[in-house]
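The block underneath contains the structure these notes are about, expressed in structure tokens.
Every number here is computed from the coordinates shown, using simple stated rules; none is lab data. Keep in mind that this is a model prediction, so the values were computed, not measured. Cβ placement follows ideal geometry from the backbone for every residue including glycine, while neighbour counts extend to all protein chains displayed.
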């Protein structure tokens, strides 16, 4: 085993954001953690991606920033489907808490659609799913996201026979 | 991220989060976490760094196969070596930042994640 790295969660955040994130991490958390074992070798699994960056196809309805501007405690709770073939020039970023410039230069920095295809070509995963997903990760009121958006994402994951989901925080 | 992840896991999919703030993701009940020390907005790596992005995605998937218990966390060994000064924040402060400047008494609500009842 190589020496173990400990990720410094606050290396890239300023003092106020660090104080907020440390506080949130210290709040009482969920005690029940669900578990679905990885049923097959990854080389046989279909893998989908989920990004919390609020990515939408430019041809799709954009995330609505006015929801958060009117009520800053949460963001647009909807989600968008991104086909496996989506590329950097096809998308826009709706998350108001990040610098969108990096994703706009290269979608793979936050939603590695092309890298996942490469792992499929290499045979390291069975397949990339036909669809990936994105929502806005900022919310202090997750109820509508969890009640309205996640079940529909789950339904499409089932329809596309997905086994494994990689969620990418932004 | 952790809240969405646990719902997808509970629905019968095996999931892993790539997270810059693993303690926060874990407190939301995430089943598997691959912690990564990258700046916000570049979770997989720098724009154009296809090899770096591939290495991170591959490492997260391989870590997943080795995890045997709910709540597993692996700290990925990637080092952010660039010294380039990056603008990591949004072009304008997010609405909550501007709101809290005008309503400083609401700060405890924000820190405790107890927002006022929604009007929408």
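Would you mind telling me which residue in A:20, A:110, A:150 has the biggest mean-square fluctuation in a Gaussian network model of chain A, where springs connect alpha carbons within a distance under 10 angstrom?
Ranking A:20, A:110, A:150 by mean-square fluctuation puts A:20 first.
Where the centroid of each part is defined by its Cα atoms, how far is region A:1-35 from region A:95-170 in Å?
Cα centroid to Cα centroid, the span is 21 Å.
Of A:61, A:92, A:104, which is the most mobile in a GNM of chain A whose springs link Cα atoms less than 10 angstrom apart?
Of A:61, A:92, A:104, the most mobile in the Gaussian network model is A:61.
Quick one: among A:140, A:157, A:27, which has the greatest mean-square fluctuation in a GNM of chain A with alpha-carbon springs under 10 angstrom?
A:27
Only counting other Cβ atoms within 10 Å, I'd like A:30, A:44, B:84 sorted with the fewest neighbours first.
B:84, A:44, A:30
Cα centroid distance between region B:55-107 and region A:50-77, in Å?
Result: 19 Å between the Cα centres.
With a/c under 1.5 counting as rounded, go ahead and sort chain B into rounded, prolate or oblate using the C-alpha gyration tensor (a ≥ b ≥ c being the square roots of the eigenvalues; past the cut-off, prolate if a/b is larger than b/c, else oblate).
oblate
Taking the simple approach of a point 7 Å from Cα along Cα-to-Cβ for both residue A:5 and residue B:69, what is their distance in nm?
2.4 nm
In degrees, nearest 10, range 0 to 90: what is the angle between the Cα axis of helix B:50-66 and the longest Cα principal axis of chain B?
For B:50-66 against chain B, the angle is about 80 degrees.
Cα extents of chain A along the three principal axes, largest first, in whole Å?
So the three principal-axis extents are 46, 44, 33 Å.
To check you understand DSSP bridge types, tell me what percent of the beta bridges within the protein assembly as shown (both residues inside) are antiparallel, rounded to 5. It would help to have the intermediate numbers written out before the result.
Numbers: 10 of 31 bridges.
So the antiparallel bridges amount to about 30 percent of the total.
Inverting the mean 1/r over all pairs of different Cα atoms, compute the Kirkwood radius of region A:122-170 and quote it in Å. Intermediate results must be reported in sequence, preceding the final value.
Working: mean 1/r = 0.0797 Å⁻¹.
By the Kirkwood definition, the hydrodynamic radius is 12.6 Å.
So for the protein assembly as shown, considering every pair of alpha-carbon atoms, how many percent are separated by more than 23 Å?
Details: 21447 of 41905 pairs.
For the protein assembly as shown, the share of Cα pairs beyond 23 Å comes to 51 percent.
Would you calculate a helix-derived [θ] at 222 nm for chain B, using -39,500 (n - 2.57) for each DSSP H run of n ≥ 4 and dividing by the full residue count, to the nearest 500? Please report the intermediate quantities before stating the final value.
Working: 5 runs with 45 residues, N = 120.
Calculated from helices alone, the mean residue ellipticity at 222 nm is -10500 deg cm²/dmol.
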